[in-house]
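Student: I have a structure here, written as structure tokens, and I will follow up with some questions on it.
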Amino acid sequence: GNSVTQMEGPVTLSEEAFLTINCTYTATGYPSLFWYVQYPGEGLQLLLKATKADDKGSNKGFEATYRKETTSFHLEKGSVQVSDSAVYFCALSGVDSGYALNFGKGTSLLVTP
Amino acid sequence: EAGVAQSPRYKIIEKRQSVAFWCNPISGHATLYWYQQILGQGPKLLIQFQNNGVVDDSQLPKDRFSAERLKGVDSTLKIQPAKLEDSAVYLCASSPSHSREQYFGPGTRLTVT
């Protein structure tokens, strides 16, 4: 079945550092890939998405590229801010699961001034 | 556009009691999902509706959990009787038909003592 594996946290970075959160997936067919973010005390928000191989999703300075050859969708940001502190979830959606989302376990990011 | 509404936001009950959660999806969204998010984990699908029909309830513990979506709009999720391991955040999400993008509500945090 479909599954997502993402790097474990917590990740602690200083402000303006480079961020990478690794995500790999297992799926049949051609899933869509997502990054969701959960800020403290808030609900899940879609951060970015990619629907086919080699697509790059981007939003708020975050980027991720759908790599079918390595089954990966790593999240990157060139310069993190304190306000980026949150939990980040990688997820996939496939037609064989009725478009329901399979989530990774989440990676907690703490950015310090 | 109003988002996905859920109530209550918080609920504390004793084990063996019953509890119900309510979700009102975004207007016009045919697909509705209930997810369970245990602390420190990613959300896990419990049940998916398309209009008022069930698409997937394979991960719903049917001996104690039930859900319905009468008239294809609002939905309720019930647990009876609750167990300690049911302590989690219950998330409702909705999406337009055949869309891979889901919109999440704020969730209901359930604590079973």
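Student: Return, for the Cα atoms of chain B, the radius of gyration and Dmax in Å, separated by a comma.
Tutor: Final numbers for Rg and Dmax: 13.2, 39 Å.
Student: Between B:Gln59 and A:Phe18, what is the FRET efficiency for a Förster distance of 45 Å, r being their Cβ-Cβ separation, to the nearest 0.05?
Tutor: On the way: r = 37 Å, r/R0 = 0.83.
FRET efficiency, B:Gln59 to A:Phe18: 0.75.
Student: At each listed q (0.14, 0.20, 0.23 Å⁻¹), what is the log10 of I(q)/I(0) that the Debye formula gives for chain A modelled as equal alpha-carbon point scatterers?
Tutor: -0.51, -1.01, -1.30
Student: To the nearest 0.05, what FRET efficiency results for A:Thr26 and A:Leu110 with a Förster distance of 30 Å applied to their C-beta separation? Mind showing how you got there, number by number?
Tutor: Working: r = 29 Å, r/R0 = 0.96.
Calculated value: 0.55.
Student: Also: How much of the calculated P(r) for segment A:1-64 lies past 16 Å, in percent of all Cα pairs? Can you show the working numbers first?
Tutor: On the way: 1162 of 2016 pairs.
Of all Cα-Cα pairs in segment A:1-64, 58 percent lie more than 16 Å apart.
Student: How many angstrom lie between the C-alpha centres of segment A:35-113 and segment B:90-113?
Tutor: Taking the Cα centre of each part, segment A:35-113 and segment B:90-113 sit 17 Å apart.
Student: Report the gain in length on full extension from A:Lys68 to A:Gln81: 0.36 nm times residue separation, minus Cα-Cα distance, nm rounded to one decimal. List each step's numbers first, then the result.
Tutor: On the way: separation 13, 0.36 × 13 = 4.68 nm, distance 2.99 nm.
Gain in length upon complete extension: 1.7 nm.
Student: Anything over 21 Å Cα to Cα? Flag those among A:Lys49/B:Lys71; B:Lys44/B:Lys83; A:Lys52/A:Lys105; A:Lys105/B:Lys62, in the order listed. Present the calculation step by step, with values, prior to reporting the outcome.
Tutor: Details: A:Lys49/B:Lys71 31 Å; B:Lys44/B:Lys83 17 Å; A:Lys52/A:Lys105 23 Å; A:Lys105/B:Lys62 24 Å.
Checking Cα-Cα distances, A:Lys49/B:Lys71; A:Lys52/A:Lys105; A:Lys105/B:Lys62 exceed 21 Å.
Student: Under 14 Å from a point placed 7 Å out from the Cα of A:Ser3 along the Cα-to-Cβ direction: which residues of segment A:27-52 have their backbone N that close?
Tutor: Taking a point 7 Å out along Cα→Cβ of A:Ser3, the residues of segment A:27-52 whose backbone N falls under 14 Å are A:27-28.
Student: D for the protein assembly as shown, whole µm²/s, Stokes-Einstein with Kirkwood Rh over alpha-carbon pairs at 10 °C and 1.306 mPa s: what number? Each step should come with its number before you reach the end.
Tutor: Working: Rh = 18.1 Å.
My calculation gives 88 µm²/s for D.
Student: While we're looking at this one, here's another question. Put +1 on the Cβ of every Lys and Arg and -1 on every Asp and Glu Cβ in segment B:7-113; which of B:Ser95, B:Ile38, B:Leu84 then has its Cα farthest towards the positive end of the dipole?
Tutor: Farthest towards the positive pole: B:Leu84.
Student: Hey, another quick one. What ranking of A:Leu33, A:Leu75 emerges when the number of other C-beta atoms within 10 Å of each C-beta is taken as an exposure proxy, fewest first?
Tutor: Details: A:Leu33 28, A:Leu75 25.
Ordered by Cβ neighbours within 10 Å, fewest first: A:Leu75, A:Leu33.
Only the coordinates and a few stated rules stand behind these numbers; no lab work does. What you see is a predicted model, and the numbers here were worked out from it, not measured in a lab. When we count neighbours, we look across all protein chains shown, and the Cβ atoms used for this are built from the backbone with ideal geometry, even at glycine.
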